[in-house]
Each structure stands twice: as structure tokens, then as C-alpha cells.
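Values in this text are rule-based calculations from the coordinates and carry no lab data. Values in this document were obtained by computation on a predicted structure and should not be read as measured data. Neighbour counts are summed over all protein chains in view; Cβ atoms, including those assigned to glycine, are modelled from backbone coordinates with ideal geometry.
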Amino acid sequence: MVRGRPRPRVLSQIRRLYGDEPSPPRIAHFLECTVHLLSTRRSTFGYLPFTIESVKILFIGDIVGEPGRRVVKKLVPQLRQRFGLDLVIANGENSAGGSGITPKTAEEIFSAGVDIITSGDHLWDQKEVTVLLEDEKRFLRPLNYPPGTPGQGSAIFEIRNPKFEIRDPLSIAVLNLQGRTFMPVLENPFLLAQAEVERLRQTTKIIFVDMHAEATSEKIAIARMLDGQVSAVIGTHTHVQTADEQIFPGGTAYLTDAGFTGPHESVLGREIEPVVKRFLTNQPQRFEVAKERVLLQGAVVEIDEAGGKAMTIQRVSEAI
Ligand SMILES: [Fe+2]
């Protein structure tokens, strides 16, 4: 696990929580809440009371086909409990038969405990996706499609943090971008991201970015550009989990690629033989979704609620 900056002090947290100076009744209530937290999140005992104002987000790398949906269904409830997750985001662009997404597969993913689904270049592979684009507020497509494209590239979601019932719901923004290097050319994600992040920050400092791109350089560059402005930039699309998780100096957590969620005894989730044959013969092949060694891959990011800075980032790769 990569750790970020030191956590804020107790008194300043009390000031922010209650909006006034830390009077004895305020401190008493704060301590009461801390005890409540202790009883529900024992694993954080060593850090209390400095970790109480954090939000934990699990990001799940590209879900591939039925095996991917199955492992999400099996593991997300366990991971929610184990990490004390507040929000789960998943890239679902390959969740329907390995290409695209439908309302039915999206519903399966939501029912498993995923709050928000992002997408990418396989957005249009299933024609039913238009239903999601038009009606599903929990579904995002890359922001940088041309103006007039249905759907939304970012959204603000409100979650109620059960740790502190006294608080207003917490706003978290999720932004979906797509790269242009070795990919279909869309609008410039760098220019659009700057403007969109500025707009989102008027509502919340907790901003999570799924950068769906092929080129490592494009992912790192956009994350460096947004360092200090967003909480995390996690890459998707290549289906290979990278080991470069880190927190940049401005407080943005970064991982070049989250990996993929599905069968790993494969070539990026597909049966091995047809892919090899395609490379050998240059002839079209049918690429079925593979079956074996099913993993859920992604990362858990812990974010300071007040400043939106990342505190820790930890990769996840779990077998079904
Ligand atoms: Fe993709």
C-alpha cells in the first residue's frame, strides 16, 4: 500500500464537522462518534482519531463477460466489508459477452454492489447501450465524445457516510475520459478534463477519474496535469494491471492500469488459441471469452474528505 500525506489534526476536524469552535459538548459528541467508529472499524484503531474523515473507493478494472460479472457478484460484498468501502466504481465496457454493455449486464453489476459504471471505446458494441446512455444516471461514457452524443461523461454522486449520521451526504464526482493515442480519435481529453474538473470542483473536491487509454504516456501525462485537482486517476483498457501505484506530490493517487476482471488464463480475457491463430494467419477469428483463473482486479483509494487528497492507494487482485 502506498501512503500519502499525514492526516489532519483532531481540532481542525471538529471545527469542520460542526462549523464552529470545539466546545466541550462538541468534543464530547466527537468522542462518542469516535467510539462508534472503533466498534465498527477495529482495523483502523492504530490510526484513530486521524482516519475518521476519509472515504474509501474501490475501482474495478474492465469487467469481461460472464466470468467477470460472476466474480464481481461474489467478491464485491466481501471487499466492501473488508475495506469498509464507501463507493464502488467499475469499468463495464466489456461486460456483455466481452464486448460492450447492455442494460441487463449493467443491472447485474449494480445489483452486485457497484455504484457507478464507466466505459470506453467499446461503448457502442451493443446497440441496447442507448438505453443506458439516455436513462441511467449511474452510467458514464467518456466525456470527450463530440457535443450532442447521448449520455454523460461525468456525474456527481451523493453518499451518506454511516460513520457520521450528523453529516450531510458526501458528494463524490466521477469523470470518464478516453485517450486518443492508438485509439479512435475523439475530442482532446486534456483540454476537456481541465474545464470539467474546474466545474466539478465547485461542488466537491473528491473527484475520481477513469482514464480509458492505450498509451501509458497519455495516462501519466493527464494524471500529472490533474495532480492536486483530482483525488485519483486510474487507467483502464489495456487489461494488464501495472505495479506503479503512487500518490503524486499534489495528492492525486495514480495507477496506469487497473487490470481486468475476468478469466486470466487467456489473452486479455479471450480464449488463447484463436488470438494466436489470428496473429499467425492474419485471418479473422471468433474470440470467445475464456473461462479459467477468474480474478477481480482494481485498486482501493482512501481519500481525505476535507481536501480531496488521496491518503493511500492499494492494488487489488483477488481470485474468485
Ligand atoms: Fe477499451
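Could you tell me the calculated FRET efficiency between residue 291 and residue 198, based on Cβ-Cβ distance and R0 = 51 angstrom, to the nearest 0.05?
For R0 = 51 Å, the calculated efficiency reads 0.65.
Comparing 23, 111, 119 in a Gaussian network model of the chain, where Cα atoms under 10 Å apart are tied by springs, the biggest mean-square fluctuation is seen for 23.
What would the Debye equation give as log₁₀ I(q)/I(0) for the range 186-320 at q = 0.19, 0.21 Å⁻¹, counting only Cα atoms as equal point scatterers? Debye intensities relative to I(0), on a log10 scale: -1.02, -1.14. Straightening the chain between residue 265 and residue 217 buys 14.5 nm, computed as 0.36 nm per residue apart minus the Cα-Cα spacing. Modelled spin labels at residue 279 and residue 128, positioned 7 Å past Cα toward Cβ, are 3.4 nm from each other.
Remark: spin-label model distance residue 191-residue 12 equals 3.8 nm, labels positioned 7 Å along the Cα→Cβ axis. For the range 108-151, run through the trypsin sites (Lys or Arg not before Pro) and keep only the ones in DSSP coil with at most 13 other Cβ atoms within 10 Å of their Cβ. Here the sparse-neighbourhood loop sites are 127, 137. Computed extension length for residue 80-residue 243: 56.4 nm, one decimal, from 0.36 nm per residue of separation with the Cα-Cα distance subtracted.
What FRET efficiency, computed as 1/(1 + (r/R0)^6) with R0 = 51 Å and r the Cβ-Cβ distance, is obtained for residue 272 and residue 306, rounded to the nearest 0.05? Working shown, then result.
Details: r = 48 Å, r/R0 = 0.95.
Computed FRET efficiency for residue 272 and residue 306 comes out at 0.60.
With kT/(6 pi eta Rh) evaluated at 20 °C and eta = 1.002 mPa s, and Rh the Kirkwood radius from Cα pairs, the range 98-240 diffuses with a coefficient of 136 µm²/s according to Stokes-Einstein.
The residue 320 and residue 168 beta-carbon pair, evaluated with R₀ = 35 Å, returns a calculated FRET efficiency of approximately 0.40. Remark: the residue 99-residue 182 segment gains 28.0 nm on full extension, using 0.36 nm per residue and subtracting the alpha carbon distance. Membrane-span-like helices in the chain (whole DSSP H runs, Cα extent of at least 20 Å along the helix axis, mean Kyte-Doolittle hydropathy of at least -0.5): 24-40.
A 24 angstrom limit on the alpha carbon distance is what I want to check against. Which of 73/277; 104/205; 74/127; 73/219; 104/127 exceed it? Long pairs (Cα-Cα over 24 Å): 73/277; 104/205; 74/127; 73/219. Once both labels are positioned 7 Å from their Cα atoms along Cα-to-Cβ, the gap between residue 138 and residue 23 label points is 4.1 nm. For the range 54-319, a Kirkwood radius taken over Cα pairs fed into Stokes-Einstein (37 °C, viscosity 0.692 mPa s) yields D = 180 µm²/s. Here the sum of -39500 (n - 2.57) over DSSP H runs of 4 or more residues, divided by the residues of the chain, equals -9000 deg cm²/dmol at 222 nm, to the nearest 500.
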